[in-house]
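Colleague: Before I ask anything, let me first share the structure, which is written out below as structure tokens.
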Amino acid sequence: MKNFEKDAKTGDPEAQLNAGLHYDEIKDYDKAFFWFNKAAIQGNAESQYHLGRYYAVGHSVIENLKEAYQWYIKAADQGHMGAEGNLGNMYLYGYYVDQDMKEAQKWYEKAYKKGNADALGHMGKIYEMGYDGITPDIDLAHDFYKMAAECESLISQQFLAVLYFQGNGVDKDYSEAAKWFKKPAEEGFSNSQFHLGAMYAEGLHFEKNLKLAAYWINLARKDGHELAEQAWNLDKYRLFKYEVYLKTYKPT
């Protein structure tokens, strides 16, 4: 890292990017922001993308979606697929910009053609929900989710799992739901954690296992998942609150 620091201080944008990535990995967000900002100002697309991400989530700075958008645009203008995908998200959900499905689709298409599987999954979400006058097409949504999930897109795995869990446009299949919830839950996706917990609590696909239910529900509620918090407070789930399990138990 000392070499990165030395080179970064000379003003080399690639070295500044590498310094930012190092500090980002160890969660020293102040130093990461400092170096990303230095490189982004010099036009480094990867740093512009990360700077946009920092403004979007409030790492080291106050959350500012206008700044996030502006940095994503700079990176996307250089063809950065992550920035393109995030611009798609902003237009899909109306973050800072007005919700605009045509713009969302435009950016997603740019991103997934470069290999951004998350963007492909979000295209599926547009067709599942039928946003902005688009005719819902669950079969097409499923196909997008499946392709993206098989390319290791965690958000797409979660989208696909929910389809199978709810039986939305497909046969309800708890085995498939459990299969696709697993990795996102392990990687911290609270909706997948909640659903896995509910499946263990109710004996859906799995044998009932209140220790595992407690483990997953508790992780989801700690991340602010509202349904997980509600489940935690229901009398029927009172056994979730065995503190001995919550402090020491982890799934094998």
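The values are calculated or read from the model by the stated rules, or taken from the named source; none is laboratory data. Note that the structure is a prediction, hence the values are computed from the model and not measured. Glycine gets a Cβ as well: all are built from the backbone with ideal geometry, and neighbour counts include every protein chain shown.
Colleague: Of all the residues that make up the range 81-120, how many are in contact with a Leu (Cβ under 9 Å, 6 or more places away or on another chain), in a loop (DSSP other than H, G, I, E, B) and either exposed (fewer than 15 other Cβ atoms within 10 Å of the Cβ) or of a type outside the set (A, V, I, L, M, F, W, C) (or both)?
Modeller: Residues meeting the conditions: 4.
Colleague: Name the helices (runs of 4 or more DSSP H) wholly within the range 1-67 that hold at least 2 residues that are farther than 20 Å from Leu87 by Cα?
Modeller: Answer list for the range 1-67: 2-8, 13-25, 29-41.
Colleague: Do we find a residue being charged (D, E, K, R), in a loop (DSSP other than H, G, I, E, B) and modelled with pLDDT of 95 or more anywhere in the range 211-226? Walk me through it before giving the result.
Modeller: Residues of the range 211-226 charged (D, E, K, R): 211, 221-223, 226.
Next, only the ones that are in a loop (DSSP other than H, G, I, E, B) stay: 223.
With modelled with pLDDT of 95 or more added as a condition, the list becomes none.
No, that holds for no residue.
Colleague: Still on this structure: Mind listing just one residue for me: the one in the range 82-115 that is of a type in the set (S, T, N, Q) and modelled with pLDDT under 95 and, of those, nearest to Cys151 (Cα to Cα)?
Modeller: Residue satisfying both the conditions and the ranking: Gln105.
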